[in-house]
Each structure stands twice: as C-alpha cells, then as structure tokens.
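Student: Can you read through this structure? Questions will come right after.
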Amino acid sequence: MTKKDIKYSEAVVELNNILADLESESVDVDEVSLKVKRAVELVKVCRDKIDKTELEVRKIVKKVEEDIDKEQK
C-alpha cells in the first residue's frame, strides 16, 4: 500500500499491530527490521495527514473569522 492509499485510521491500526508484535517478542529476528521500516513509513504517513489536516483546519478557521469580521462591520 502506498502513502496515498492508506487512511490515517488504518495506519494507526497497523502501527498498533506492529507494536504489539514487537512487544510480545513473537516476531522472528529476520522480520524485526522489516516491521520497524514499515512502522517508520506509517508514522510518516500519519504525520503528513495530520499536517495536511491542520493546514486545512487553519484555513477554514481563518475564513470563518474573516466572515464574522465582515458581518460585524
């Protein structure tokens, strides 16, 4: 799955699953690095989605505030 294909909630679930596997020590040593690499990818996806959402929310809030200011004048 590429970055654009996965939803935030799916990334979080997958991250939690990877963490549970690593904490339980049930992961084969050969798989540890693959799981850690995937976890890093998922964290980046989550950060990107959070940053994008934060920017969109700021734009919306700014627009609402500008509309309120116009109504008050």
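Student: Please work out how much length the chain gains when fully extended from D48 to E23, using 0.36 nm per residue of separation minus the C-alpha to C-alpha distance, in nm with one decimal. Walk me through the intermediate numbers first.
Tutor: Values: separation 25, 0.36 × 25 = 9.00 nm, distance 2.59 nm.
Taking D48 through E23 to full extension adds about 6.4 nm, to one decimal.
Student: Within region 8-72, how many Lys pairs sit with Cα atoms under 26 Å apart, leaving out pairs fewer than 8 places apart on the same chain?
Tutor: Step by step, the pairs that qualify in region 8-72 add up to 14.
Student: Against the longest principal axis of the chain, how steep is helix 8-24, in degrees 0 to 90 to the nearest 10, with axes from Cα atoms?
Tutor: 30 degrees
Student: Separate question: What percentages make up the Cα-Cα pair-distance distribution of the chain when the bins are 10 Å wide from 0?
Tutor: 18, 33, 21, 14, 10, 5, 1
Student: May I pose another question? Putting +1 on Lys and Arg Cβ atoms and -1 on Asp and Glu Cβ atoms, find which of Y8, I60, L34 reaches farthest to the positive end of the dipole of region 8-72.
Tutor: So the residue furthest toward the plus end is I60.
Student: Gaussian network model of the chain, Cα springs within a sub-10 Å range: biggest mean-square fluctuation belongs to which of K37, K49, K59?
Tutor: K59
Student: While we're here: Rounded to the nearest 500 deg cm²/dmol, what is the calculated helix-only ellipticity per residue at 222 nm for the chain, with -39500 (n - 2.57) per DSSP H run of length n ≥ 4? Could the numbers behind the result be given before it?
Tutor: Values: 2 runs with 61 residues, N = 73.
Value at 222 nm, helices only, nearest 500: -30000 deg cm²/dmol.
Student: Once the Cα atoms of helix 29-72 and of the chain are each reduced to a long axis, what angle between those two axes, in degrees from 0 to 90 to the nearest 10, is obtained?
Tutor: Roughly 10 degrees between the two axes.
Student: Please list, by residue number, everything in region 38-65 whose backbone N is under 11 Å from a paramagnetic label point 7 Å out along Cα→Cβ of E71.
Tutor: So the set is 64-65.
Student: Within the set of other residues whose C-beta is less than 13 Å from the C-beta of S24, count the net charge using Lys and Arg as +1 and Asp and Glu as -1. List each step's numbers first, then the result.
Tutor: Working: positive: K35; negative: D21, E23, E25, D28, E31.
Once all neighbours under 13 Å are counted, the net charge is -4.
Student: Name the most mobile residue of V36, V12, V57, meaning the one with the largest mean-square fluctuation, in a Gaussian network model of the chain with Cα contacts below 10 Å.
Tutor: Greatest mean-square fluctuation among the candidates belongs to V57.
Bear in mind these aren't lab numbers, they're just calculated from the coordinates by the rules spelled out. Keep in mind that what you see is a predicted model, and the values were worked out from it rather than measured. So basically every Cβ, Gly included, is an ideal-geometry build from the backbone, and we count neighbours across all protein chains shown.
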